[in-house]
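Structure first, commentary second.
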Amino acid sequence: MDKNKGIGLCMCRMCPSFVDCKEEIAFCLASTGKSICILEEKGCLCPACPVLEAEGFSHVFYCTRGSETDQLASR
Ligand code: SF4
Ligand code: SF4
């Protein structure tokens, strides 16, 4: 998915774990990856996100654990 489209659909800003440090969101995408400022996992909205469904992704907490590609690689 196009990155800007992913950022537009991303639900991270509504998430209890979200910390706004003006970085790019859609952490699940390989071109974004982990957050530099979200450190605590307080819940994750990714399972309800249209980007996750459209991409066929299967992980959560992309902000703290890395993109789908990163998490697949670290299994
Ligand atoms: S799956 Fe999660 S990180 Fe990816 S766009 Fe949706 S809410 Fe954001
Ligand atoms: S990746 Fe998941 S936990 Fe992190 S901010 Fe987005 S919805 Fe919340």
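Since every read-out is calculated from the coordinates, none of them should be taken as a lab result. Please read these numbers as outputs of a predicted model, since none were measured by experiment. Backbone-built Cβ (ideal geometry, glycine too); neighbour counts: all protein chains shown.
Sequence-ordered 3J(HN,Hα) estimates for the range 26-39 from the Karplus curve with 6.51, -1.76 and 1.60 and θ = phi - 60° stand at 6, 5, 5, 6, 4, 7, 9, x, 4, 6, 8, 10, 8, 10 Hz, glycine and proline given as x.
Determine, from the Cβ-Cβ distance of K5 and E53 and an R0 of 22 Å, the FRET efficiency 1/(1 + (r/R0)^6), rounded to the nearest 0.05. For R0 = 22 Å, the calculated efficiency reads 0.95. Here the spin labels are modelled as points 7 Å beyond Cα on the Cα-Cβ line, and at E23 and L39 they lie 1.2 nm apart. The count of lysine pairs in the range 3-73 whose Cα atoms are under 17 Å apart, excluding pairs fewer than 8 places apart on the same chain, comes to 4.
Shown in residue order for the range 65-75 are the 3J(HN,Hα) couplings computed by the Karplus curve 6.51 cos²θ - 1.76 cosθ + 1.60 at θ = phi - 60°: 10, x, 5, 3, 4, 4, 5, 5, 6, 9, 5 Hz (x for Gly and Pro).
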